[in-house]
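In what follows, a single structure is set out as structure tokens and then discussed.
The values are calculated or read from the model by the stated rules, or taken from the named source; none is laboratory data. Everything numeric in this text was worked out from a predicted model, so none of it was measured. Because the Cβ atoms are built from the backbone with ideal geometry, glycine has one as well, and the counts that use them run over all protein chains shown. Just so you know, the surface numbers come from the protein's heavy atoms only, side chains and all, with ligands and any DNA or RNA stripped out. Shrake-Rupley method; radii C 1.70, N 1.55, O 1.52, S 1.80 Å.
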Amino acid sequence: MKISKIICAVLASAMVLRFAGCAEKEKTTLVMATNAEFPPFEYIGDDGEPDGFDIALIKAIADKMDMDVEISNMEFGSLVGAVGTKIDVAIAGMTVDEERAKKVDFSDNYYEAIQYVILLKDSTIATIADLEGKSIGVQLGTTGMYTAEEIKGAKVQSYNKAVDAANDLVNGR
């Protein structure tokens with residue numbers, strides 16, 4: 001009888017210790033992606049890692065949730081499709097539109113951006129109407145792309161990176 005009481009006490013102690021270990025919550029990782037091409041919101045820092053306002057924001061959110069954060073940089077046009085499959089969240093300078101809202105939930109807006117057209121210094125283009133029939137380089141999946149596609153007769157060339165469109169402009173393409 002005394003042995004069975006000792007065995008029961010040892011087993012009970014082992015169970016208490018085992019379940020006590022379960023009380024310590026393992027920190028989970030929030031997997032996020034951005035397109036680090038939109039300073040000061042997201043860009044590649046001197047250390048080669050994504051940095052900027054949005055990166056600081058997601059790190060603060062993860063900290064509040066007691067989570068680690070894993071950050072990756074991907075093509076802008078892939079962000080929405082990756083949410084829920086490859087990543088938990090995307091954070092980038094992104095326009096909320098009806099099509100995207102069908103696929104993902106958006107946070108409240110915290111910045112309102114303005115669209116600009118980049119031109120060569122000697123360009124005579126002054127209005128959107130002046131872009132009719134012109135070749136326009138845009139970043140894939142951006143508000144600028146959707147706007148350019150509505151310009152009558154415009155030949156729209158999309159690029160994965162905005163800098164590639166700017167380089168083609170400078171090089172006469």
* touching a residue at least 12 places away in the same chain (Cβ under 8 Å), in contact with a helix residue (DSSP H, G or I) (Cβ under 9 Å, 6 or more places away or on another chain) and either under 30 Å from Ile151 (Cα atoms) or of a type outside the set (S, T, N, Q) (or both) - does that describe any residue in region 45-61? -> yes
* Asked: Somewhere in region 11-26, is a residue at pLDDT 50 or above, touching an Asp or Glu at 6+ places or on another chain (Cβ under 9 Å), surrounded by fewer than 10 Cβ atoms within 10 Å (Cβ to Cβ) and of a type outside the set (Phe, Trp, Tyr)?
  -> yes
* Give region 120-136 a look and list any residue that's more than 7 Å from Ala154 (Cβ to Cβ) and among the β-branched types (Val, Ile, Thr), or say none. => Thr124, Ile125, Thr127, Ile128
* **Residue that is least open to solvent (accessible area, probe 1.4 Å), among those in region 151-173 that are in a loop (DSSP other than H, G, I, E, B) and among the small types (Gly, Ala, Ser)** => Ala154
* To do: Would you kindly identify the helices (runs of 4 or more DSSP H) lying entirely within region 52-150 that contain at least 3 residues that are surrounded by 12 or more Cβ atoms within 10 Å (Cβ to Cβ)?
  => 53-64, 79-82, 143-149
* To do: Could you tell me whether any residue of region 82-96 is among the hydrophobic types (A, V, I, L, M, F, W, C), in contact with a Gly (Cβ under 9 Å, 6 or more places away or on another chain) and without any contact (Cβ under 8 Å) to a residue 60 or more places away in the chain?
  => yes
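Residue-by-condition table, conditions (1) in contact with an Asp or Glu (Cβ under 9 Å, 6 or more places away or on another chain); (2) modelled with pLDDT under 95; (3) closer than 16 Å to Asn35 by Cα:
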{"site": "Glu99", "(1), (2), (3)": "no, yes, no"}
{"site": "Gln115", "(1), (2), (3)": "no, yes, no"}
{"site": "Thr127", "(1), (2), (3)": "no, yes, no"}
{"site": "Gly133", "(1), (2), (3)": "no, no, no"}
{"site": "Gly137", "(1), (2), (3)": "yes, no, no"}
{"site": "Lys155", "(1), (2), (3)": "no, no, no"}
{"site": "Tyr159", "(1), (2), (3)": "yes, yes, yes"}
{"site": "Ala165", "(1), (2), (3)": "no, yes, yes"}
{"site": "Gly172", "(1), (2), (3)": "no, yes, no"}
